[in-house]
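The values are calculated or read from the model by the stated rules, or taken from the named source; none is laboratory data. Everything numeric here is computed off the predicted structure, so don't read it as measured data. Here the Cβ is made from the backbone with ideal geometry for all residues, glycine too, and neighbour counts use every protein chain on show. Please note that ligands, DNA and RNA were not included when accessible areas were found on the heavy atoms of the full protein model with its side chains. Shrake-Rupley method; radii C 1.70, N 1.55, O 1.52, S 1.80 Å.
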Amino acid sequence: QVQLVESGGGLVQPGGSLRLSCAASGIIFNIYKTGWYRQAPGKQREFVATISSGSSTEYADSVRGRFTISRDHSKNTVYLPMNSLKPEDTAVYYCNAEFLPQGYWGQGSRVTVSP
């Protein structure tokens, strides 16, 4: 059974930091492209960042320079440290693992940026 379990969300003030983690099980983690997407209230899910099995990274323009995606193959975990958080970063953040045609999602971790 494949599981992606996110953690690390919460409430933070503007300018603050959080680190999201996503622990994967039930897949050969090393071969999967993994990433983070988010869905704000009333909006569609959007791309945040991805990291390939070879550690190539891609970022949405809105988070580049503030968020850094990384992965630890020994722990089957992908991370998303988030700095300089803004109210517009408020969303449910979802972990994704993809090895086409297979793709899996986590249950989501809520991040709220508010004074």
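Computed values, structure above
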quantity: Of all residues making up region 1-27, the number that are assigned to a loop (DSSP other than H, G, I, E, B) and either in contact (Cβ under 8 Å) with a residue 40 or more places away in the chain or surrounded by 17 or more Cβ atoms within 10 Å (Cβ to Cβ) (or both); calculated: 9
quantity: Checklist (1) touching a helix residue (DSSP H, G or I) at 6+ places or on another chain (Cβ under 9 Å); (2) crowded, with 18+ Cβ neighbours inside 10 Å; (3) closer than 12 Å to residue 89 by Cβ applied to residue 40, failing item; calculated: (2)
quantity: Residue in region 62-76 that is among the polar types (S, T, N, Q), open to solvent by less than 30 Å² (accessible area, probe 1.4 Å) and within 11 Å of the chain's Cα centre (by Cα) present; calculated: no
quantity: Filtered residues of region 77-115 (kept if part of a strand (DSSP E or B), open to solvent by 20 Å² or more (accessible area, probe 1.4 Å) and under 17 Å from residue 39 (Cα atoms)); calculated: 92, 94, 104, 105, 110, 112
quantity: Which numbered condition residue 53 fails, given (1) at pLDDT 95 or above; (2) out of contact with any Gly (no Cβ under 8 Å at 6 or more places or on another chain); (3) surrounded by 13 or more Cβ atoms within 10 Å (Cβ to Cβ); calculated: (1)
quantity: Count of residues meeting criterion [among the basic types (Lys, Arg) and more than 18 Å from residue 113 (Cα to Cα)] in region 26-76; calculated: 3
quantity: Selected residue [under 17 Å from residue 2 (Cβ atoms) and among the β-branched types (Val, Ile, Thr)] from 34, 50, 112; calculated: 34
quantity: All positions within region 28-49 that are without any contact (Cβ under 8 Å) to a residue 24 or more places away in the chain and under 13 Å from residue 69 (Cβ atoms); calculated: 47
